[in-house]
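Chemist: Before I ask anything, let me first share the structure, which is written out below as structure tokens.
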Amino acid sequence: MELMKRTNGNWLPSLLEDIFEDNNIQRRLTTMNSLPAVNIEEKEDKYSLEMAAPGKSKKDFNIELDNDLLTISSEVKEENQTEDKERNFTRREFSYESFKRSFTLPETIDTSKIKATYKNGVLTLDLPKREEAKTQPKRMIDIS
């Protein structure tokens, strides 16, 4: 919120706008931060995809492969309810968190051998390369 000199004396609507603007900025930042970060590393025999998703369990993920499109998604719903009948008090809180990320796989991936693991808040997918796509060792060619 910025400090500004108000000349018309009508400060209340402007103050409310500043508050709501701050909430909109916070909501946008929260949305941007809710998409898990991904690292993709190419190795000689495979690609390794790591997705940071702490606080989840392996059952929270859906991993789908449709032709060469790999999609990783998650949807978690939680609800907590507290009641105090003596004080006539009820509180019900719920949260909903979801994301979906898709990756187009190169033709060099052997899709029948993809493996996924989830450990210490990181979802790891091993995307092995086909034999013909692997780096071949250096060799000498004889002259005939």
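Chemist: Look through segment 43-89, keep the residues that are of a type outside the set (D, E, K, R) and without any contact (Cβ under 8 Å) to a residue 24 or more places away in the chain, and return whichever of them is nearest to ASP110 (Cα to Cα).
Modeler: Ranking the candidates gives ASN67 first.
Chemist: Write out, first by first residue and then by second, each pair whose Cβ atoms fall under 7 Å of each other, whose residues are 6+ apart or on separate chains, and whose first residue, in segment 117-144, is among the charged types (D, E, K, R) while the second is exposed (fewer than 10 other Cβ atoms within 10 Å of the Cβ) and modelled with pLDDT of 95 or more.
Modeler: Sorted first by the residue in segment 117-144, then by its partner, the list stays empty.
Chemist: Let me ask something additional. Can you report the number of residues in segment 114-136 which are of a type outside the set (S, T, N, Q) and over 23 Å from the mean Cα position of the chain (by Cα)?
Modeler: So the count comes out to 6.
Chemist: If I ask for residues that are more than 15 Å from LEU127 (Cβ to Cβ) and exposed (fewer than 11 other Cβ atoms within 10 Å of the Cβ), which ones from segment 67-77 would you list?
Modeler: Across segment 67-77, the qualifying residue is only LYS77.
Chemist: For TYR47, which of the numbered conditions (1) modelled with pLDDT of 55 or more; (2) more than 15 Å from ILE72 (Cβ to Cβ) fails to hold?
Modeler: (2)
Chemist: Follow-up. Within segment 90-116, which residues are among the polar types (S, T, N, Q), touching a residue at least 12 places away in the same chain (Cβ under 8 Å) and either surrounded by fewer than 10 Cβ atoms within 10 Å (Cβ to Cβ) or assigned to a strand (DSSP E or B) (or both)?
Modeler: Result: SER95, SER98, SER102, THR104.
The values are calculated or read from the model by the stated rules, or taken from the named source; none is laboratory data. Note that the structure is predicted; figures quoted are calculated from it, not measured. A quick note on method: Cβ atoms are made from the backbone with ideal geometry, for glycine too, and the neighbour counts reach across all protein chains shown.
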